[in-house]
Amino acid sequence: MNSFGKEINTQKPSSVFDQNLKGQKELEGSLKTKTIFLTKTYLNRLILSSPSSFALFVCLFSITLTYRIWLTVELFTHPIRPFDFNPHHHPFWFMLYPRSQDFIFILILPFLTWSISQIHFLRDLKGTSTFIRALGLTVLHILIISLTLIYGVHKRLLFEVQSGLEYSVMAEAFTNFPIEEVFKFIGAGDILFLIFPIGLFDLLLFGPLRLRIWGVRISLSLFILFLFTFPFLTPTKTKNIPPEIRLNPVVFFVSDLAKTTVRRYVTGPAERLANENKPQDLSNLKPRGFETLPTVKNETPWNLVLLIMESVGTRYIFDNQDGPMPMPFLYQLSKKGWFLKRHFTTSNVSTKAIFSILSGLYDLFDRETFSTRPDISIPSLYHFLGKNYEGFLVTPTSPIWYFPIAFVRNSGCSEIHTYENLNFKIKEERTSLGRYITRDEVQSVDFFIQRLKKAREPFLGIYISFTAHFPYFDYGEPYRVRGKESLKDRYYNNLHLLDHLLKRIYDHLDSHGQLDRTILVMVGDHGQAFGQHRPNNYMHYRYSYNVNLETPAVLYQPRLFKPKVIDWPTSHVDLLPTLLDAMGISYDPALFDGESLFHKEMNRSTIFFYGLEGCISSLDRQWVKVQHSLKDHRSWAFDLKIDPEETNPVEASRFPLQLEHLLRYTKTHGQRLVQYNDSLKEKRAVGSK
């Protein structure tokens, strides 16, 4: 009895506990089911409250994720990486994962559109709901297309131009390049990337309700997954990664646009200094001259062959530290004529630089390129030589991207051979090296040599190379003096090819008995950078360091230019008056910004440069380089005597006269140039009547 009672007493509580536990589990399951149901219901209601906002969310998330995957694949597989960025130095997930700016960007626009859609005033308007809905959808489509374009263009610029999508890049494109030329570079992949988000948006907005809901659910799940795992799978130290790669393209572009807009309305102390009417005394900066004018008189006018070497930097041409010298022929020729060892371009972009070579004038010190104006009447080298000269120009690429074609045509050169009318093999690598298109350089030089054979003396022949320009097309083993993996190796190989081509032109003139009657000029248009000073300082136009600006010049004619190394600062604007003096052609020195290098005394105190990044600079004979940013109104200087590599900028206030001269000259130069051109147009109009 007692044992049976004990057994009953011990089992009864256990049975009650099991029943309670079972009931609790049923209750929890029911609550869980209700919670899931309520969650789904709330999410569904939220989605249905503004379908376009959630379709936009899915669309932006898809674009961003596609861009990140696309960028990661390209960084690991593309032979040319932006700024030589090595993705192997960073975790793979770092490149693939969206960044913090991506999360903010993906959320903020859909949230704004959802908030607008919930405004009762707009929802309660009678008779206008259809119009407002149509207007809203139109705006959203335009927004998606614009954002997709920013992503696509930014990615293209990274691998093809070594730049992100900045305001300066857009301004340059719309200022100098016809829109039809830009459209030529749009491929099938670009069109698909543009159509994809629009199609996805419309599918989610007008497709079945189930598809819309599941699309949002999947996107939200992935978004939350990325959001919570992002801090653990991405490195904390990203300072040395170029912002063009690190930042969301839209965030990068909008931030650059905002900075540019703010800077336009800020006048810094340097600009106020330029606006003050103060006398200037720069006598202490006056340089010494060179030598007397040549006394050699030729029986017939001199022939002139001008070879403009695209993207050739002085510091590379004779470099033999890590391999053979890339340009041994040019090195030998530099010892037989004038070698302008410290020669500088007038701008880190070709169009302005070539204008200065041919005109002896600076182009405008702002983003607009004066030499591409269709009504330009400024005289060039062709004008000063006269109509008895037979003139022709050859270049293997399209001049619209880098050459002042209107300036050359309007000043007298009618025979111009370019990519458009040279029927040679095309060098184009759309997939691996980006959309850079040119005719074969070797065949183009062959054509130039044949044209020299046919030329009636005296002649002016101009050849503008492309081979040393990015992306440095590979011309094969015979021209390799380095490897072919890095950008710099390919650049050195193409310098060696260019050296071979220069020698072929020289040998032709020599073998045909024309060399004794010909002046040979070899000059680069600007320098070239490979990550010096800044991780994104590639190519030539992003900064105005000396590596971007210094380019060689060699003047060869033994009867006129006795062997001499000129080691003080010279400029493109000096070349035309120097050549006219050498050829015995009279001219008015006031027509040029430069001065003849034959003069014993020179009137100028400094030479000037304009950088496409929005920087103006001057360099004096004491090797003081003063610079001023037109973007952030900041000035600084380098004393190149003690800091030749420009590693330690100093306050520009240490050189107030030179800073004042820089600001005043660049401020008034454009007005003088326009007035000069207008006066020539008026004279031409009067003469034609």
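The values are calculated or read from the model by the stated rules, or taken from the named source; none is laboratory data. None of the values given here were measured: they were computed from a predicted structure. When we count neighbours, we look across all protein chains shown, and the Cβ atoms used for this are built from the backbone with ideal geometry, even at glycine. Calculation scope for accessible area: heavy atoms of the full protein, side chains included, ligands and nucleic acids excluded. Shrake-Rupley method; radii C 1.70, N 1.55, O 1.52, S 1.80 Å.
The set of residues in the range 613-638 that are out of contact with any Cys (no Cβ under 9 Å at 6 or more places or on another chain), more than 19 Å from ARG342 (Cβ to Cβ) and not in a strand (DSSP E or B) comprises GLU613, GLY614, ASP632, HIS633, ARG634.
Inspect all residues belonging to the range 639-651 and state whether any of them is closer than 23 Å to PRO569 by Cα and in a helix (DSSP H, G or I). Working first, answer last.
The initial filter retains those residues of the range 639-651 that are closer than 23 Å to PRO569 by Cα, namely 639-651.
From what's left, in a helix (DSSP H, G or I): none.
No, the conditions are met nowhere in the range 639-651.
Per the listing LYS625, LYS683, the residue uniquely out of contact with any Pro (no Cβ under 9 Å at 6 or more places or on another chain) and open to solvent by 50 Å² or more (accessible area, probe 1.4 Å) is LYS683. Does LEU597 meet the test of being open to solvent by 50 Å² or more (accessible area, probe 1.4 Å), over 31 Å from the mean Cα position of the chain (by Cα) and in contact (Cβ under 8 Å) with a residue 12 or more places away in the chain? For LEU597, the condition - open to solvent by 50 Å² or more (accessible area, probe 1.4 Å), over 31 Å from the mean Cα position of the chain (by Cα) and in contact (Cβ under 8 Å) with a residue 12 or more places away in the chain - is not met.
Scanning the range 583-636 for residues that are among the charged types (D, E, K, R) and closer than 29 Å to TYR538 by Cα turns up GLU613, ASP620, ARG621, LYS625, LYS631, ASP632, ARG634.
Restricting PRO458, PRO478, PRO379, PRO396 to those that are at pLDDT 85 or above and open to solvent by 20 Å² or more (accessible area, probe 1.4 Å) reduces the list to PRO478. Of everything in the range 33-89 that's in a helix (DSSP H, G or I), charged (D, E, K, R) and open to solvent by 50 Å² or more (accessible area, probe 1.4 Å), which residue is modelled with the lowest pLDDT? The residue in question is LYS34. Can you confirm whether the range 107-119 contains a residue that is at pLDDT 75 or above, under 22 Å from the mean Cα position of the chain (by Cα), surrounded by fewer than 12 Cβ atoms within 10 Å (Cβ to Cβ) and among the hydroxyl-bearing types (Ser, Thr, Tyr)? No - not one qualifying residue is present in the range 107-119. For the range 324-360, the tally of residues that are in a loop (DSSP other than H, G, I, E, B) and open to solvent by 10 Å² or more (accessible area, probe 1.4 Å) stands at 7. Within the option set GLU276, GLU244, GLU291, GLU299, being at pLDDT below 95 and surrounded by 14 or more Cβ atoms within 10 Å (Cβ to Cβ) holds for one residue only, GLU244.
The set of residues in the range 521-541 being open to solvent by less than 20 Å² (accessible area, probe 1.4 Å), of a type outside the set (Gly, Ala, Ser) and in a loop (DSSP other than H, G, I, E, B) consists of ASP525, HIS526, GLN528, ASN536, ASN537, HIS540.
Once the range 547-594 is narrowed to residues that are of a type in the set (Asp, Glu) and more than 16 Å from LEU381 (Cβ to Cβ), the residue that is most open to solvent (accessible area, probe 1.4 Å) is ASP567. Residue pairs whose Cβ atoms lie under 7 Å apart, sitting 6 or more positions apart in sequence or on different chains, and linking a residue in the range 509-520 that is of a type in the set (Ser, Thr, Tyr) to a partner that is part of a helix (DSSP H, G or I), are THR518/LEU509. For TYR587, the requirement of being of a type outside the set (Gly, Ala, Ser), farther than 16 Å from LEU306 by Cα and part of a loop (DSSP other than H, G, I, E, B) is met.
Within the group TYR419, TYR491, which residue is open to solvent by less than 40 Å² (accessible area, probe 1.4 Å), farther than 22 Å from LEU555 by Cα and either hydrophobic (A, V, I, L, M, F, W, C) or not in a strand (DSSP E or B) (or both)? So that I can check it myself, show each step before the final result.
Working: TYR419 fails: open to solvent by less than 40 Å² (accessible area, probe 1.4 Å).
Checking each option against the conditions leaves just TYR491.
For the range 445-465, the count of residues that are among the hydroxyl-bearing types (Ser, Thr, Tyr), part of a helix (DSSP H, G or I) and within 30 Å of the chain's Cα centre (by Cα) is zero.
Confirm whether LYS503 is modelled with pLDDT under 90, within 20 Å of MET327 (Cβ to Cβ) and open to solvent by 10 Å² or more (accessible area, probe 1.4 Å). Steps first, please.
Values: modelled with pLDDT under 90: no; within 20 Å of MET327 (Cβ to Cβ): yes; open to solvent by 10 Å² or more (accessible area, probe 1.4 Å): yes.
For LYS503, the condition - modelled with pLDDT under 90, within 20 Å of MET327 (Cβ to Cβ) and open to solvent by 10 Å² or more (accessible area, probe 1.4 Å) - is not met.
The set of residues from the range 399-414 being crowded, with 19+ Cβ neighbours inside 10 Å, among the hydrophobic types (A, V, I, L, M, F, W, C) and either at pLDDT below 80 or not in a loop (DSSP other than H, G, I, E, B) (or both) comprises PHE403, ILE405, PHE407, VAL408. Contact annotation: residue pairs with Cβ atoms under 9 Å, 6 or more positions apart or on different chains, pairing a residue in the range 633-652 that is touching a residue at least 12 places away in the same chain (Cβ under 8 Å) with a partner that is surrounded by fewer than 16 Cβ atoms within 10 Å (Cβ to Cβ) and among the hydroxyl-bearing types (Ser, Thr, Tyr), are HIS633/THR267; SER635/SER653; ALA637/SER653; PHE638/THR647. There is at least one residue in the range 423-431 that is closer than 30 Å to ARG315 by Cβ and touching a residue at least 40 places away in the same chain (Cβ under 8 Å).
The criterion of being under 16 Å from VAL445 (Cβ atoms) and either open to solvent by 10 Å² or more (accessible area, probe 1.4 Å) or in contact (Cβ under 8 Å) with a residue 40 or more places away in the chain (or both) does not hold for SER544.
In this structure, TYR491 qualifies as under 30 Å from PRO242 (Cβ atoms), at pLDDT below 95 and of a type outside the set (A, V, I, L, M, F, W, C).
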